[in-house]
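The values are calculated or read from the model by the stated rules, or taken from the named source; none is laboratory data. Owing to the predicted nature of the structure, the values given are computational and were not obtained by experimental measurement. Every residue, glycine among them, receives a Cβ derived from its backbone with ideal geometry; neighbour counts consider all protein chains shown. Please note that ligands, DNA and RNA were not included when accessible areas were found on the heavy atoms of the full protein model with its side chains. Shrake-Rupley method; radii C 1.70, N 1.55, O 1.52, S 1.80 Å.
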Amino acid sequence: MHELSLVRSLLRQVERLRRQHGGIAVETIEVEIGPLSGVEPLLVREAFDALVVEESLAGAELVIHNVPLTARCLNCCADFELTEFDFCCTSCESRSIKITGGDEFRLLTVSLQSDLEAEETAKQISGKSAGART
Amino acid sequence: MTTTTSTRTIAVNQDIQAQKKRRAAELRTSFAERGTFVVNLVSSPGAGKTSLLEATAKYWQGRRSMAVLVGDLATERDAERLRPFVPVEQLTTGGACHLELSLVERGLERLPDEDYEFLFIENIGNLVCPASHDLAEHLRVVLMSTTEGDDKPGKYPKMFRTSGAVVVSKSDLLPHVPFSVDAALADARLIQPDLRAFTVCSLSGEGIGDWCDYLDDARQRMLTSPQQVIEHAEK
(Lines give C-alpha, C1' and ligand atoms only; values in the text may rest on other atoms or scores of the structure.)
Protein backbone atom coordinates (compact mmCIF):
# COMPACT_ATOMS: atom_id res chain seq x y z
CA MET A 1 0.00 0.00 0.00
CA HIS A 2 3.05 2.24 0.21
CA GLU A 3 3.72 1.84 -3.52
CA LEU A 4 2.16 5.25 -4.22
CA SER A 5 4.58 7.07 -1.93
CA LEU A 6 7.59 5.11 -3.25
CA VAL A 7 6.64 5.70 -6.89
CA ARG A 8 6.12 9.40 -6.17
CA SER A 9 9.61 9.54 -4.72
CA LEU A 10 10.93 7.66 -7.77
CA LEU A 11 9.31 10.13 -10.18
CA ARG A 12 10.73 13.10 -8.29
CA GLN A 13 14.22 11.62 -8.56
CA VAL A 14 13.69 11.09 -12.29
CA GLU A 15 12.44 14.65 -12.76
CA ARG A 16 15.49 15.97 -10.87
CA LEU A 17 17.78 13.95 -13.15
CA ARG A 18 15.98 15.26 -16.22
CA ARG A 19 16.53 18.86 -15.14
CA GLN A 20 20.13 18.24 -14.09
CA HIS A 21 20.95 16.79 -17.49
CA GLY A 22 18.87 19.28 -19.44
CA GLY A 23 16.61 16.65 -20.99
CA ILE A 24 13.42 17.78 -22.70
CA ALA A 25 11.53 14.55 -21.98
CA VAL A 26 11.91 11.22 -20.24
CA GLU A 27 11.56 8.22 -22.54
CA THR A 28 12.19 5.22 -20.35
CA ILE A 29 12.60 4.52 -16.64
CA GLU A 30 14.09 1.13 -15.80
CA VAL A 31 13.61 -0.27 -12.30
CA GLU A 32 14.41 -3.51 -10.54
CA ILE A 33 12.05 -5.16 -8.05
CA GLY A 34 12.95 -8.18 -5.94
CA PRO A 35 10.71 -10.56 -3.97
CA LEU A 36 11.83 -9.06 -0.65
CA SER A 37 11.65 -5.43 -1.78
CA GLY A 38 8.36 -4.88 0.01
CA VAL A 39 6.63 -3.68 -3.16
CA GLU A 40 4.31 -5.44 -5.55
CA PRO A 41 5.24 -4.89 -9.23
CA LEU A 42 1.59 -4.74 -10.34
CA LEU A 43 0.82 -2.00 -7.81
CA VAL A 44 4.00 -0.15 -8.77
CA ARG A 45 2.78 -0.11 -12.36
CA GLU A 46 -0.68 1.14 -11.33
CA ALA A 47 0.85 3.84 -9.14
CA PHE A 48 3.15 4.84 -12.00
CA ASP A 49 0.26 5.16 -14.46
CA ALA A 50 -1.65 7.31 -12.00
CA LEU A 51 1.24 9.58 -11.01
CA VAL A 52 3.21 9.95 -14.23
CA VAL A 53 0.86 12.64 -15.54
CA GLU A 54 0.70 14.49 -12.25
CA GLU A 55 4.51 14.68 -12.05
CA SER A 56 4.66 16.08 -15.60
CA LEU A 57 6.50 13.09 -17.02
CA ALA A 58 3.67 12.03 -19.33
CA GLY A 59 4.85 9.74 -22.11
CA ALA A 60 7.56 8.11 -20.02
CA GLU A 61 7.62 4.33 -20.16
CA LEU A 62 8.28 2.19 -17.09
CA VAL A 63 10.27 -1.01 -17.54
CA ILE A 64 10.19 -3.35 -14.53
CA HIS A 65 12.81 -6.08 -14.17
CA ASN A 66 11.77 -8.75 -11.70
CA VAL A 67 14.92 -10.12 -10.09
CA PRO A 68 15.29 -13.19 -7.90
CA LEU A 69 16.21 -13.22 -4.23
CA THR A 70 19.88 -14.16 -3.93
CA ALA A 71 22.12 -14.84 -0.96
CA ARG A 72 25.62 -15.85 0.09
CA CYS A 73 26.15 -18.53 2.69
CA LEU A 74 28.29 -17.26 5.59
CA ASN A 75 29.29 -20.84 6.34
CA CYS A 76 30.37 -22.33 2.99
CA CYS A 77 30.46 -19.10 0.92
CA ALA A 78 28.14 -20.52 -1.77
CA ASP A 79 26.11 -17.99 -3.78
CA PHE A 80 22.60 -19.19 -4.42
CA GLU A 81 19.03 -18.22 -5.29
CA LEU A 82 16.31 -18.43 -2.63
CA THR A 83 12.93 -19.78 -3.54
CA GLU A 84 9.81 -19.64 -1.37
CA PHE A 85 11.52 -17.41 1.23
CA ASP A 86 13.40 -20.42 2.59
CA PHE A 87 16.34 -18.64 4.21
CA CYS A 88 18.63 -21.64 4.04
CA CYS A 89 21.83 -22.43 2.10
CA THR A 90 21.10 -24.81 -0.76
CA SER A 91 24.57 -26.39 -0.48
CA CYS A 92 25.26 -26.86 3.24
CA GLU A 93 21.79 -26.06 4.69
CA SER A 94 23.23 -23.42 7.02
CA ARG A 95 20.77 -20.70 8.05
CA SER A 96 23.55 -18.20 8.47
CA ILE A 97 23.17 -16.39 5.16
CA LYS A 98 23.43 -12.85 3.87
CA ILE A 99 20.95 -11.52 1.32
CA THR A 100 22.88 -10.21 -1.70
CA GLY A 101 20.04 -9.18 -4.01
CA GLY A 102 16.29 -9.01 -4.47
CA ASP A 103 15.52 -7.10 -1.29
CA GLU A 104 15.32 -3.68 -2.88
CA PHE A 105 13.33 -1.49 -5.25
CA ARG A 106 16.09 0.03 -7.39
CA LEU A 107 16.21 2.70 -10.05
CA LEU A 108 18.52 1.36 -12.77
CA THR A 109 18.51 3.80 -15.68
CA VAL A 110 16.71 6.85 -17.04
CA SER A 111 16.64 7.51 -20.79
CA LEU A 112 16.35 11.18 -21.61
CA GLN A 113 15.50 12.89 -24.84
CA SER A 114 17.57 15.96 -25.34
CA ASP A 115 17.38 18.76 -27.86
CA LEU A 116 20.76 18.79 -29.63
CA GLU A 117 20.48 22.34 -30.95
CA ALA A 118 19.49 23.70 -27.57
CA GLU A 119 22.42 21.86 -26.02
CA GLU A 120 24.79 23.29 -28.62
CA THR A 121 23.51 26.81 -27.94
CA ALA A 122 23.83 26.28 -24.18
CA LYS A 123 27.43 25.11 -24.67
CA GLN A 124 28.25 28.15 -26.78
CA ILE A 125 26.73 30.51 -24.21
CA SER A 126 28.54 28.90 -21.31
CA GLY A 127 31.74 28.85 -23.40
CA LYS A 128 31.43 32.58 -24.12
CA SER A 129 30.71 33.52 -20.52
CA ALA A 130 33.62 31.34 -19.39
CA GLY A 131 35.78 33.19 -21.92
CA ALA A 132 34.52 36.56 -20.70
CA ARG A 133 35.61 35.78 -17.16
CA THR A 134 39.22 35.04 -18.05
CA MET B 1 12.47 24.56 -38.25
CA THR B 2 12.94 20.97 -37.17
CA THR B 3 14.52 20.15 -33.86
CA THR B 4 17.15 17.47 -33.65
CA THR B 5 16.73 15.27 -30.64
CA SER B 6 18.86 12.52 -29.24
CA THR B 7 18.36 9.97 -26.53
CA ARG B 8 20.87 9.22 -23.85
CA THR B 9 20.68 6.84 -20.96
CA ILE B 10 21.79 7.77 -17.49
CA ALA B 11 22.81 4.89 -15.23
CA VAL B 12 21.64 5.41 -11.66
CA ASN B 13 21.60 1.92 -10.20
CA GLN B 14 20.65 2.66 -6.63
CA ASP B 15 17.88 1.90 -4.17
CA ILE B 16 14.96 4.27 -4.59
CA GLN B 17 15.28 5.03 -0.88
CA ALA B 18 19.07 5.48 -0.97
CA GLN B 19 18.90 9.12 0.11
CA LYS B 20 16.50 8.36 2.98
CA LYS B 21 18.68 5.44 4.05
CA ARG B 22 21.71 7.73 4.20
CA ARG B 23 19.78 10.22 6.35
CA ALA B 24 18.62 7.40 8.61
CA ALA B 25 22.21 6.17 8.96
CA GLU B 26 23.42 9.65 9.96
CA LEU B 27 20.66 10.00 12.53
CA ARG B 28 21.37 6.52 13.92
CA THR B 29 25.02 7.47 14.42
CA SER B 30 24.13 10.75 16.11
CA PHE B 31 21.71 8.95 18.46
CA ALA B 32 24.47 6.47 19.35
CA GLU B 33 26.83 9.36 20.12
CA ARG B 34 24.24 10.86 22.47
CA GLY B 35 23.76 7.49 24.17
CA THR B 36 20.17 7.10 22.96
CA PHE B 37 19.23 3.55 21.97
CA VAL B 38 16.42 3.66 19.41
CA VAL B 39 13.84 0.88 19.15
CA ASN B 40 11.35 0.62 16.28
CA LEU B 41 8.36 -1.36 17.55
CA VAL B 42 6.24 -3.04 14.87
CA SER B 43 3.25 -5.40 14.89
CA SER B 44 -0.27 -5.97 13.58
CA PRO B 45 -2.91 -3.59 15.00
CA GLY B 46 -3.89 -4.54 18.54
CA ALA B 47 -0.90 -6.77 19.33
CA GLY B 48 -0.09 -4.65 22.37
CA LYS B 49 2.64 -2.19 21.39
CA THR B 50 1.32 0.61 23.60
CA SER B 51 0.69 -1.82 26.49
CA LEU B 52 4.27 -3.12 26.23
CA LEU B 53 5.58 0.45 26.41
CA GLU B 54 3.34 1.23 29.40
CA ALA B 55 4.62 -1.91 31.15
CA THR B 56 8.23 -1.02 30.26
CA ALA B 57 7.85 2.53 31.65
CA LYS B 58 6.18 1.20 34.83
CA TYR B 59 8.93 -1.40 35.32
CA TRP B 60 11.68 1.21 35.10
CA GLN B 61 9.73 3.76 37.17
CA GLY B 62 11.95 6.61 36.12
CA ARG B 63 15.21 4.64 36.57
CA ARG B 64 15.79 4.97 32.83
CA SER B 65 15.08 8.07 30.83
CA MET B 66 12.88 7.17 27.89
CA ALA B 67 10.74 8.94 25.33
CA VAL B 68 8.17 7.63 22.87
CA LEU B 69 7.10 8.62 19.37
CA VAL B 70 3.83 6.92 18.55
CA GLY B 71 2.34 6.63 15.09
CA ASP B 72 -1.31 6.23 14.21
CA LEU B 73 -3.55 7.15 11.31
CA ALA B 74 -5.71 9.32 13.55
CA THR B 75 -6.32 10.35 17.18
CA GLU B 76 -3.97 11.02 20.10
CA ARG B 77 -5.26 8.04 22.07
CA ASP B 78 -1.99 6.12 22.34
CA ALA B 79 -0.03 9.22 23.31
CA GLU B 80 -2.59 10.00 26.01
CA ARG B 81 -2.14 6.52 27.48
CA LEU B 82 1.63 6.93 27.70
CA ARG B 83 1.77 10.59 28.73
CA PRO B 84 1.41 9.90 32.51
CA PHE B 85 4.69 7.93 32.38
CA VAL B 86 7.04 9.38 29.76
CA PRO B 87 7.56 12.26 27.30
CA VAL B 88 5.56 11.26 24.23
CA GLU B 89 4.67 12.75 20.86
CA GLN B 90 1.91 11.39 18.64
CA LEU B 91 2.68 11.17 14.92
CA THR B 92 -0.61 11.08 13.06
CA THR B 93 -0.08 10.06 9.46
CA GLY B 94 -3.54 10.92 8.19
CA GLY B 95 -3.59 7.85 6.00
CA ALA B 96 -0.09 6.54 5.45
CA CYS B 97 0.24 2.89 6.43
CA HIS B 98 3.73 3.26 7.88
CA LEU B 99 6.02 5.81 9.52
CA GLU B 100 8.72 7.47 7.46
CA LEU B 101 11.90 9.15 8.59
CA SER B 102 10.56 12.67 7.93
CA LEU B 103 7.63 12.08 10.32
CA VAL B 104 10.05 10.84 12.97
CA GLU B 105 12.24 13.92 12.48
CA ARG B 106 9.21 16.17 12.88
CA GLY B 107 8.24 14.33 16.08
CA LEU B 108 11.76 14.69 17.45
CA GLU B 109 11.57 18.46 17.05
CA ARG B 110 8.54 18.52 19.34
CA LEU B 111 10.01 16.24 22.03
CA PRO B 112 12.01 17.94 24.82
CA ASP B 113 15.62 17.95 23.53
CA GLU B 114 17.32 15.61 26.03
CA ASP B 115 19.81 12.76 25.87
CA TYR B 116 17.30 9.98 26.51
CA GLU B 117 18.65 6.52 27.26
CA PHE B 118 15.89 4.97 25.15
CA LEU B 119 13.72 6.27 22.36
CA PHE B 120 10.85 3.99 21.33
CA ILE B 121 9.14 4.51 18.00
CA GLU B 122 5.75 2.80 18.01
CA ASN B 123 5.03 2.19 14.33
CA ILE B 124 1.63 1.98 12.62
CA GLY B 125 -0.01 -1.42 13.19
CA ASN B 126 0.96 -3.17 9.95
CA LEU B 127 3.42 -5.98 9.23
CA VAL B 128 3.98 -5.06 5.58
CA CYS B 129 4.99 -1.49 4.72
CA PRO B 130 6.88 -0.56 7.92
CA ALA B 131 9.36 -3.35 7.05
CA SER B 132 10.70 -1.26 4.15
CA HIS B 133 11.30 1.96 6.07
CA ASP B 134 14.45 2.63 8.10
CA LEU B 135 13.58 4.98 10.98
CA ALA B 136 17.19 5.33 12.23
CA GLU B 137 16.60 2.60 14.82
CA HIS B 138 19.30 0.47 16.41
CA LEU B 139 16.87 -2.38 16.96
CA ARG B 140 13.65 -3.42 15.28
CA VAL B 141 11.33 -5.42 17.52
CA VAL B 142 8.34 -7.29 16.15
CA LEU B 143 5.45 -8.04 18.49
CA MET B 144 3.08 -10.99 18.05
CA SER B 145 0.13 -11.53 20.35
CA THR B 146 -1.14 -14.97 21.31
CA THR B 147 -4.52 -14.13 19.77
CA GLU B 148 -2.91 -14.07 16.31
CA GLY B 149 -1.93 -17.11 14.25
CA ASP B 150 1.37 -18.71 15.26
CA ASP B 151 2.06 -19.17 11.53
CA LYS B 152 2.43 -15.42 11.04
CA PRO B 153 6.22 -15.11 10.65
CA GLY B 154 6.28 -17.16 7.42
CA LYS B 155 3.57 -14.93 5.96
CA TYR B 156 5.47 -11.71 6.62
CA PRO B 157 9.07 -12.73 5.89
CA LYS B 158 10.48 -9.25 5.31
CA MET B 159 9.35 -7.97 8.71
CA PHE B 160 10.78 -10.93 10.59
CA ARG B 161 13.96 -10.98 8.48
CA THR B 162 14.67 -7.34 9.30
CA SER B 163 13.93 -7.60 13.04
CA GLY B 164 16.38 -8.30 15.84
CA ALA B 165 13.92 -9.47 18.48
CA VAL B 166 10.41 -10.86 18.73
CA VAL B 167 8.09 -10.34 21.69
CA VAL B 168 5.13 -12.69 22.15
CA SER B 169 2.52 -10.67 24.06
CA LYS B 170 -0.69 -11.54 25.96
CA SER B 171 0.88 -14.67 27.47
CA ASP B 172 -1.96 -14.77 30.05
CA LEU B 173 -4.28 -15.89 27.24
CA LEU B 174 -2.17 -18.92 26.27
CA PRO B 175 -4.38 -21.44 28.13
CA HIS B 176 -7.41 -20.23 26.13
CA VAL B 177 -6.04 -19.92 22.59
CA PRO B 178 -4.53 -22.41 20.12
CA PHE B 179 -1.29 -20.37 19.86
CA SER B 180 1.97 -22.30 20.28
CA VAL B 181 4.92 -20.11 21.34
CA ASP B 182 7.35 -22.83 20.21
CA ALA B 183 5.74 -23.12 16.76
CA ALA B 184 5.72 -19.32 16.31
CA LEU B 185 9.36 -18.95 17.30
CA ALA B 186 10.45 -21.94 15.20
CA ASP B 187 8.69 -20.38 12.19
CA ALA B 188 10.29 -16.98 12.90
CA ARG B 189 13.77 -18.48 13.24
CA LEU B 190 13.51 -20.16 9.85
CA ILE B 191 13.50 -16.60 8.53
CA GLN B 192 15.88 -15.00 11.04
CA PRO B 193 17.89 -17.50 13.11
CA ASP B 194 19.41 -14.78 15.35
CA LEU B 195 16.05 -13.46 16.64
CA ARG B 196 15.99 -12.93 20.41
CA ALA B 197 12.62 -13.94 21.84
CA PHE B 198 10.57 -12.85 24.85
CA THR B 199 7.17 -13.93 26.08
CA VAL B 200 5.37 -11.28 28.12
CA CYS B 201 2.08 -10.27 29.67
CA SER B 202 2.07 -6.50 29.79
CA LEU B 203 -0.97 -6.39 32.10
CA SER B 204 0.57 -8.52 34.87
CA GLY B 205 4.18 -7.58 34.13
CA GLU B 206 5.21 -11.20 33.55
CA GLY B 207 8.36 -11.37 31.40
CA ILE B 208 8.81 -7.59 31.39
CA GLY B 209 11.93 -7.82 33.58
CA ASP B 210 13.73 -10.03 31.04
CA TRP B 211 12.68 -7.73 28.21
CA CYS B 212 13.97 -4.64 30.04
CA ASP B 213 17.27 -6.38 30.96
CA TYR B 214 17.72 -7.24 27.29
CA LEU B 215 17.17 -3.59 26.33
CA ASP B 216 19.74 -2.51 28.92
CA ASP B 217 22.27 -5.00 27.52
CA ALA B 218 21.55 -3.91 23.95
CA ARG B 219 22.10 -0.26 24.89
CA GLN B 220 25.30 -1.17 26.71
CA ARG B 221 26.55 -2.92 23.57
CA MET B 222 25.82 0.23 21.59
CA LEU B 223 27.82 2.33 24.08
CA THR B 224 30.84 0.00 24.05
CA SER B 225 30.91 -0.91 20.35
CA PRO B 226 28.65 1.53 18.46
CA GLN B 227 30.00 0.61 15.04
CA GLN B 228 29.07 -3.04 15.45
CA VAL B 229 25.52 -2.23 16.56
CA ILE B 230 25.10 0.31 13.75
CA GLU B 231 26.34 -2.14 11.10
CA HIS B 232 24.05 -4.83 12.45
CA ALA B 233 21.06 -2.47 12.24
CA GLU B 234 21.90 -1.63 8.63
CA LYS B 235 22.56 -5.10 7.28
**Message:** Can you give me the solvent accessible area of residue B:214 with a 1.4 Å probe, rounded to the nearest 10 Å²?
**Reply:** 20
**Fill in**
The ³J(HN,Hα) series, computed from each phi in region A:73-89 with the Karplus coefficients 6.51, -1.76 and 1.60 at θ = phi - 60°, rounded to the nearest Hz and given as x for glycine or proline, is 6, 7, 8, 10, 6, 5, 9, 8, 9, 8, 10, 6, 6, 8, 7, 9, 5
**Prompt:** What is the set of long-range amide H partners of residue B:12 at a cut-off below 5 Å, with H atoms built 1.01 Å from backbone N?
**Reply:** A:109, A:110
**Message:** Run the reach check for residue A:98 against lysines, Cα to Cα strictly under 24 Å, same-chain hits fewer than 8 apart removed. What comes back?
**Reply:** B:20, B:21, B:152, B:155, B:158, B:235
**Request:** Count the DSSP beta bridges whose two residues both fall in region B:18-234, then state the antiparallel fraction as a percent rounded to the nearest 5.
**Result:** 5
**Complete:** Nearest-0.05 FRET efficiency for residue A:79 and residue B:14 at R0 = 22 Å, using Cβ-Cβ distance, is 0.50
**Long-range amide H partners of residue B:37 with built H, under 5 Å** = B:118, B:119
**Message:** Given points 7 Å out from each Cα along the Cα-Cβ axis, report the residue B:181 to residue B:105 separation in nanometres with one decimal.
**Reply:** 4.1
**Message:** For the protein assembly as shown, give me the percentage of DSSP beta bridges that are antiparallel, rounded to the nearest 5 percent.
**Reply:** 45
**Message:** Angle check, please: helix A:41-54 long axis (alpha carbons) against the longest principal axis of chain A (alpha carbons), in degrees 0 to 90, nearest 10.
**Reply:** 20
**Asked** Within 10 Å of each Cβ of A:100-113, how many other protein chain Cβ atoms are there on average?
**Response** 4
**Request:** Could you check which residue among B:117, B:109, B:137 shows the biggest mean-square fluctuation in a GNM of chain B with a 10 Å Cα cutoff?
**Result:** B:109
**Fill in**
Applied in sequence order to region B:72-83, the curve 6.51 cos²θ - 1.76 cosθ + 1.60 (Karplus, θ = phi - 60°) yields integer Hz couplings, x standing for Gly and Pro, of 8, 5, 7, 6, 9, 4, 5, 5, 5, 5, 8, 4
**Asked** What residue among B:9, A:125, B:149 has its Cα farthest toward the positive end of the dipole of the protein assembly as shown, where the charges are +1 on Lys, Arg and -1 on Asp, Glu, each on the Cβ?
**Response** A:125
**Top of A:62, A:42, A:107 by mean-square fluctuation, Gaussian network on chain A, Cα under 10 Å** = A:42
**Prompt:** At a probe radius of 1.4 Å, what is the per-residue accessible area of residue B:54, in Å² to the nearest 10?
**Reply:** 40
**Request:** Let me know the charge dipole size of the protein assembly as shown about its Cα centre in debye, to the nearest 20, where only the beta-carbon of Lys, Arg (+1) and Asp, Glu (-1) is charged.
**Result:** 780
**Request:** Would you mind telling me the antiparallel percentage of the DSSP bridges in region B:118-235, rounded to 5?
**Result:** 10
**Request:** For residue B:75 paired with residue B:227, estimate the spin-label separation in nm (one decimal), with each label point 7 Å from Cα along the Cα-to-Cβ line.
**Result:** 4.8
**Item:** Two-site label geometry, residue B:113 and residue A:45: point separation in nm, points 7 Å out along Cα→Cβ
**Value:** 5.0
**Alpha-carbon centroid distance for the pair region B:30-47 / region A:14-83, whole angstrom** = 29
